[in-house]
Amino acid sequence: MQVTDIRTTAYKDQKPGTSGLRKKVPVFQQTHYLENFVQSILDSLPDIQGATLVLGGDGRYYNLTAIQTILKMAAANGIGRVLVGRAGLLSTPAASCVIRKYQAYGGIVLSASHNPAGPTEDFGIKYNIGNGGPAPEKVTEAIYARSLSIDHYRILPADDLPLDELGKQQLGDMIVEVIDPVADYAELMESLFDFEAIRTLLGNGQFRMRFDAMHAITGPYAQEILVKRLGAPADSLMNAQPLEDFGGGHPDPNLTYAHELVEILFAQNAPDFGAASDGDGDRNMILGGNFFVTPSDSLAILAANATQVPGYRNGIVGIARSMPTSQAADRVAEALNIPCYETPTGWKFFGNLLDAGKVTLCGEESFGTGSDHVREKDGLWAVLFWLNLLAVRKQSVAEIAREHWQRFGRNYYSRHDYEGVPTEGANKLIDTLRAQFATLAGQTYGAYTVAFSDDFAYTDPIDHSVSTQQGIRIGFTDGSRIVFRLSGTGTEGATLRVYLERYEADTAKQGLDGQVALADLIKIADDIAGIRKHTGRNKPTVIT
Ligand code: G1P
Ligand code: ZN
């Protein structure tokens, strides 16, 4: 095997964010940029000689180019076998599933999740460890450290491999096995959910659903699972053809970017159920006819109803949610007498809890829900969970949500995003907040009195690693909260996220629109943080 050693110069900006390294495509196209990062990953992993890696991505622009380069570098670095999704495709949860099922050493996932794709848009790469989940911080830090000093990389000079046919090929001393990107994942879903009951629901001639794949990775998954295996009519799927540029759209399943689906579900004579997933298939949005389920509520509802679904029939052992996610799940955990963990933002913080068997369900307010079946959040899993519940409970989405509020109370919740604001202003806003920590407690704003304010820090209960400065919390005496964070996934300027939450136990007051119910807190957030002043914006880019 003739390996080429190529001299290179380190880049200084290859620090992974909330979910891997994300940059604009032209940044990745700089000389040796991708190669430097891939070599940094391979150099940071101990004992990889002969190991099996999983490789695939969300199919966005540059996916296939990167896959071919990574295969040749893996071969040159002594990897024994790579399982690669056909045509270079694997949704993020399917990659996690495959890593676990075949007990691979780890995997490289190419995705910038919900960010737009195309020659001038985003690309991303992340490393997942052997449990199928995103690499923990100590691994991503080692990769970053290596990227700062790297001066050569290894690659096998070879032709590109055909990746459209299933089967094994040889690349130097390495085996490349092209696998069906959907089969293993679909089998896992069948083991968790009552497909018979869902098939009956979807075929009863009354129930109507729409699933929006947003021209991203979940199209083929939805086709196989929802249409082929569960019998949903073919026109239940929208935008199911994956495109390299996601059709020019922004494949983020929320009320703003999935507006095509939202309009259908909020029209007269709307379908009974609507759902969407994002670029790489790990996010989900759940809608009923004229009804939006917040992701925080969705987590709480799935937890409260888990035993109605075969995969969770024996009950759940615990729940984990990211800090900015609403506390609706905490109330369910309390009622079930199980622990609820509060972690920093990012799925990687759930991995240890899942591996240690401390939690079964996890969720984030950012349209992420999942369980111990894989180590990533999982969009279609959430859709199937909801369909299974609808089939068993024989109620509408809205009825299930309202009954949940009656029992546990309603956590009004919203997130306001200010995207692409000047970094300097965003940092100043955060500094302004920190400067007020000593004096905020006890201050009164209308009906609200501040109980505490701090920087959220987290000590992992399993490996005791400490993560600091994970978001600024302002807690009020009635349990309401405002949280401020800067995004770790954006690629342009800074994105400020403001998270707002208020609890309402009184069933007579649970029917308000979320923005109306949170109006006072929205104003207080601006009063305390000077959002308009520091961002130069008078309204958020996205409200979810
Ligand atoms: C965002 C979400 C976060 C999620 C991440 C990856 O990160 O807020 O919950 O885990 O995307 O999908 P952020 O941009 O806020 O750092
Ligand atoms: Zn995603």
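The values are calculated or read from the model by the stated rules, or taken from the named source; none is laboratory data. Note that the structure is predicted; figures quoted are calculated from it, not measured. Because the Cβ atoms are built from the backbone with ideal geometry, glycine has one as well, and the counts that use them run over all protein chains shown. The area values use the complete protein model at the heavy-atom level, side chains included, leaving out ligands, DNA and RNA. Shrake-Rupley method; radii C 1.70, N 1.55, O 1.52, S 1.80 Å.
Screening Asp47 with (1) part of a helix (DSSP H, G or I); (2) over 25 Å from the mean Cα position of the chain (by Cα) gives one miss only, at (1).
A Cβ distance below 6 Å, combined with a sequence gap of six or more or placement on separate chains, defines the contacts here; from the stretch 96-115, residues that are open to solvent by less than 10 Å² (accessible area, probe 1.4 Å) reach residues that are away from ligand 2 (no atom under 16 Å from the Cβ) and in a loop (DSSP other than H, G, I, E, B) in the pairs Gly106/Ile129; Gly106/Gly130. Kindly indicate whether Gly59 is small (Gly, Ala, Ser), modelled with pLDDT of 95 or more and crowded, with 24+ Cβ neighbours inside 10 Å. Against the criterion (small (Gly, Ala, Ser), modelled with pLDDT of 95 or more and crowded, with 24+ Cβ neighbours inside 10 Å), Gly59 qualifies. Applying the selection to the stretch 266-312, what residues are farther than 25 Å from Gly511 by Cβ, away from ligand 2 (no atom under 16 Å from the Cβ) and open to solvent by 10 Å² or more (accessible area, probe 1.4 Å)? Those that are farther than 25 Å from Gly511 by Cβ, away from ligand 2 (no atom under 16 Å from the Cβ) and open to solvent by 10 Å² or more (accessible area, probe 1.4 Å): Thr307, Gln308, Pro310, Gly311. Can you say whether Ala75 is assigned to a helix (DSSP H, G or I), of a type in the set (A, V, I, L, M, F, W, C), closer than 23 Å to Val374 by Cα and in contact (Cβ under 8 Å) with a residue 12 or more places away in the chain, as far as the supplied structure shows? Here the answer is no, as Ala75 does not meet what is asked. Scan the stretch 68-82 for residues that are closer than 24 Å to Ala183 by Cα and surrounded by fewer than 24 Cβ atoms within 10 Å (Cβ to Cβ) and the total you get is 3. The number of residues in the stretch 194-205 being open to solvent by 50 Å² or more (accessible area, probe 1.4 Å) and free of Cβ contacts under 8 Å to residues at least 60 places away in the same chain comes to 5. Of Tyr257, Tyr221, all but one fail to be closer than 21 Å to Glu187 by Cβ and hydroxyl-bearing (Ser, Thr, Tyr); the exception is Tyr221.
Residues in the stretch 495-509 that are in contact (Cβ under 8 Å) with a residue 24 or more places away in the chain and open to solvent by 10 Å² or more (accessible area, probe 1.4 Å): Thr495, Arg497, Arg502, Tyr503, Glu504, Ala505, Thr507.
Whether any residue in the stretch 381-390 is closer than 25 Å to Gly130 by Cα and modelled with pLDDT of 95 or more is what I want to check. Checked the stretch 381-390: at least one residue is closer than 25 Å to Gly130 by Cα and modelled with pLDDT of 95 or more. For the stretch 462-480, filtered to residues that are open to solvent by 90 Å² or more (accessible area, probe 1.4 Å) and part of a loop (DSSP other than H, G, I, E, B), the residue that is nearest to Val498 (Cα to Cα) is Gln469.
Within the set Thr345, Thr325, the sole residue that is among the hydroxyl-bearing types (Ser, Thr, Tyr), out of contact with any helix residue (DSSP H, G or I) (no Cβ under 9 Å at 6 or more places or on another chain) and not in a strand (DSSP E or B) turns out to be Thr345. Among residues of the stretch 328-342 being assigned to a strand (DSSP E or B) and not acidic (Asp, Glu), the one that is nearest to ligand 2 (Cβ to nearest atom) is Tyr341. Just one of the listed residues (Gln2, Gln49, Gln68, Gln39) is farther than 27 Å from Leu486 by Cβ, among the polar types (S, T, N, Q), at pLDDT below 95 and away from ligand 2 (no atom under 16 Å from the Cβ), namely Gln2. Those strands (runs of 3 or more DSSP E) of the stretch 250-309 in which at least 1 residues are at pLDDT 95 or above and under 16 Å from the mean Cα position of the chain (by Cα), considering only elements entirely within it, cover 273-277, 284-288. Among the conditions (1) under 29 Å from Arg313 (Cα atoms); (2) in contact with a helix residue (DSSP H, G or I) (Cβ under 9 Å, 6 or more places away or on another chain), the only one that Ser467 does not satisfy is (1). Among the numbered conditions (1) under 11 Å from Gly130 (Cα atoms); (2) within 16 Å of ligand 2 (Cβ to nearest atom); (3) of a type in the set (S, T, N, Q), the only one that Gln103 does not meet is (2).
Exactly one residue out of Glu419, Glu376 is at pLDDT below 95, touching a strand residue (DSSP E or B) at 6+ places or on another chain (Cβ under 7 Å) and closer than 30 Å to Ala135 by Cβ, and it is Glu419.
Restricting Asn411, Asn427 to those that are polar (S, T, N, Q), open to solvent by 10 Å² or more (accessible area, probe 1.4 Å) and either in a loop (DSSP other than H, G, I, E, B) or closer than 21 Å to Thr345 by Cα (or both) reduces the list to Asn427.
Determine if the stretch 386-396 includes at least one residue that is within 22 Å of the chain's Cα centre (by Cα) and within 16 Å of ligand 1 (Cβ to nearest atom). No, because not a single residue in the stretch 386-396 is within 22 Å of the chain's Cα centre (by Cα) and within 16 Å of ligand 1 (Cβ to nearest atom). Taking strands (runs of 3 or more DSSP E) as the structural unit, those lying wholly within the stretch 117-193 and holding at least 1 residues that are surrounded by fewer than 19 Cβ atoms within 10 Å (Cβ to Cβ) correspond to 152-155, 167-171, 174-179. In this structure, Pro181 does not qualify as modelled with pLDDT under 95 and touching a Gly at 6+ places or on another chain (Cβ under 9 Å).
When Phe452 is tested against (1) assigned to a helix (DSSP H, G or I); (2) open to solvent by 50 Å² or more (accessible area, probe 1.4 Å), just one condition goes unmet, and that condition is (1). Considering the stretch 360-400, and only residues there that are closer than 21 Å to Asn411 by Cβ and touching a Phe, Trp or Tyr at 6+ places or on another chain (Cβ under 6 Å), the residue that is nearest to ligand 2 (Cβ to nearest atom) turns out to be Lys377.
Restricting the first member to the stretch 1-30 and to residues that are aromatic (Phe, Trp, Tyr), and the second to residues that are outside any loop (DSSP other than H, G, I, E, B), the beta-carbon pairs closer than 7 Å and six or more apart or on different chains are Tyr11/Tyr33; Tyr11/Asn36; Tyr11/Ser147; Phe28/Leu34; Phe28/Phe123. If you check Arg537, Arg502, Arg473 for being in contact with a strand residue (DSSP E or B) (Cβ under 6 Å, 6 or more places away or on another chain) and within 16 Å of ligand 1 (Cβ to nearest atom), only one passes: Arg473.
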